[in-house]
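The values are calculated or read from the model by the stated rules, or taken from the named source; none is laboratory data. As the structure is a prediction and not an experimental result, all values here were calculated from the model. Cβ placement follows ideal geometry from the backbone for every residue including glycine, while neighbour counts extend to all protein chains displayed. Just the protein is used for accessible areas: all its heavy atoms, side chains included, with ligands, DNA and RNA removed. Shrake-Rupley method; radii C 1.70, N 1.55, O 1.52, S 1.80 Å.
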Amino acid sequence: MRDGTGIVQAVVFQKEAPPETFAAAQKVTLESSLVVTGVVREDKRAPGIPGGFELGVKDLQIVQLVAEEYPIGPKEHGVEFLMDNRHLWLRSSRQWAILRVRATVIKAIRDWLDDNGFLNVDTPILTPSACEDTTTLFETDYFGQPAFLAQSGQLYNEADIAAFGKVYCFGPTFRAEKSKTRRHLMEFWMVEPEVASAT
């Protein structure tokens, strides 16, 4: 079972649960929504995040039963399939852990910059031109005029430092390179500190 804070193994024993609870547990399908009451007990063999504990179920109510087979199971899937089903893939343990680590790293970066006198200034995502000497821009129509997805907030923050001294932006960056290799990123998040005077 997963509630957003972690994953725990929940077990229902016929001799420990009311008949209706045991019957409901036998109907539960992958990714169904439940309200569960039970007793947490230590068990070194229990899988989960963090693991080592399980939930002995005393009551189980099915809020929403997934009737169709869940498309992502404990089998090998190709990257294309997983990216097409990204909204479901996020529920896997690996993706869950990756996004938790990412959030922790981002918080540490922002905390350090904030604690050291930098001001977060959000820069535009749509820009009138490239900030670097390149033609790899994502063009979009902006009320009849061409606009581009930003490659960097650097030029904006070079203007901001004259007003604030130390600034940073932390946001999405877009590069329209026609490639699907692991060495090419079309969209990523970038932190860009700028300082008016450093000695």
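Counting only protein heavy atoms and using a 1.4 Å probe, the accessible area of Ile98 comes to about 80 Å².
Classify segment 95-199: rounded, prolate or oblate, from the alpha-carbon gyration tensor (a ≥ b ≥ c, eigenvalue square roots; a/c under 1.5 rounded; otherwise prolate if a/b is larger than b/c)?
Numbers: a/c = 2.18, a/b = 1.18, b/c = 1.86.
Oblate, since a/c reaches 1.5 and b/c is not below a/b.
Would you mind working out the accessible area per residue for the chain, using a 1.4 Å probe, and quoting it in Å²?
Values: 13890 Å² over 199 residues.
Each residue of the chain exposes 70 Å² on average to a 1.4 Å probe.
Suppose every K and R has +1 on its Cβ and every D and E has -1 on its Cβ; what is the size of the dipole of segment 86-170 about the Cα centre, in Debye to the nearest 20?
Details: 8 positive and 10 negative charges, 160 e Å.
In debye, rounded to 20, segment 86-170 gives about 780.
First check a/c for segment 1-53, with a ≥ b ≥ c the square roots of the eigenvalues of its C-alpha gyration tensor; if it is under 1.5, answer rounded, and if not, answer prolate when a/b is larger than b/c or oblate otherwise. Oblate shape, in that a/c is at least 1.5 and b/c is the bigger or equal ratio. Projecting the Cα atoms of Val79, Gly144, Pro19 onto the dipole axis of the chain, where Lys and Arg carry +1 and Asp and Glu carry -1 at the beta carbon, places Pro19 farthest toward the positive end.
Think of it as helices only: each DSSP H run of n ≥ 4 in the chain is worth -39500 (n - 2.57), and spread over all residues that comes to -8000 deg cm²/dmol at 222 nm. Take Asp43: with every protein chain present and a 1.4 Å probe, its accessible area is about 30 Å². The loop-placed chymotrypsin sites (Phe, Trp or Tyr not before Pro) in segment 1-75, going by DSSP, that have at most 11 neighbouring Cβ atoms within 10 Å of their Cβ come out as Phe13.
The heavy atoms of Val28 offer some 50 square angstrom of accessible surface to a 1.4 angstrom probe.
Give me the distance between the Cα centres of segment 114-128 and segment 159-178, rounded to whole Å. Centre-to-centre (Cα) distance: 6 Å. Lysine pair count for the chain with Cα-Cα distance under 28 Å and sequence separation of 8 or more or different chains is 10.
How about segment 63-107: which trypsin sites (Lys or Arg not before Pro) there are in a DSSP loop, with at most 10 other Cβ atoms within 10 Å of their Cβ? It would help to have the intermediate numbers written out before the result.
Values: sites: Lys75, Arg86, Arg91, Arg94, Arg100, Arg102, Lys107; in loops: Lys75, Arg91.
Within segment 63-107, the qualifying trypsin sites (Lys or Arg not before Pro) (loop, at most 10 other Cβ atoms within 10 Å) are Lys75.
For the chain, the fraction of 1.4 Å probe accessible surface lying on carbon and sulfur atoms is 56 percent.
Please give the contour-minus-distance gain from Glu69 to Leu30: 0.36 nm per residue of separation, less the Cα-Cα distance, rounded to one decimal in nm. Could you put the intermediate results ahead of the total?
Numbers: separation 39, 0.36 × 39 = 14.04 nm, distance 0.78 nm.
This chain segment gains 13.3 nm when fully extended.
For segment 7-25, backbone nitrogen atoms closer than 19 Å to the point 7 Å from Arg41 Cα along Cα-to-C-beta are found at 8-19, 21-23, 25.
Helix 154-164 axis versus longest C-alpha principal axis of the chain: approximately 80°, rounded to the nearest ten.
Please give me, ordered by residue number, the chymotrypsin sites (Phe, Trp or Tyr not before Pro) of segment 103-199 that lie in loop per DSSP and have at most 13 other Cβ atoms within 10 Å.
Numbers: sites: Trp112, Phe118, Phe138, Tyr142, Phe143, Phe148, Tyr156, Phe164, Tyr168, Phe170, Phe174, Phe188, Trp189; in loops: Phe118, Phe138, Phe143.
In loop regions of segment 103-199 (DSSP not H, G, I, E or B), the sparsely surrounded chymotrypsin sites (Phe, Trp or Tyr not before Pro) are Phe143.
For segment 1-142, the fraction of C-alpha pairs more than 27 angstrom apart is 49%. Couplings 3J(HN,Hα) of segment 140-151, computed from phi: 9, 8, 10, 6, x, 10, x, 9, 9, 6, 5, 9 Hz, in residue order, whole Hz [Karplus 6.51 cos²θ - 1.76 cosθ + 1.60, θ = phi - 60°; x for Gly and Pro].
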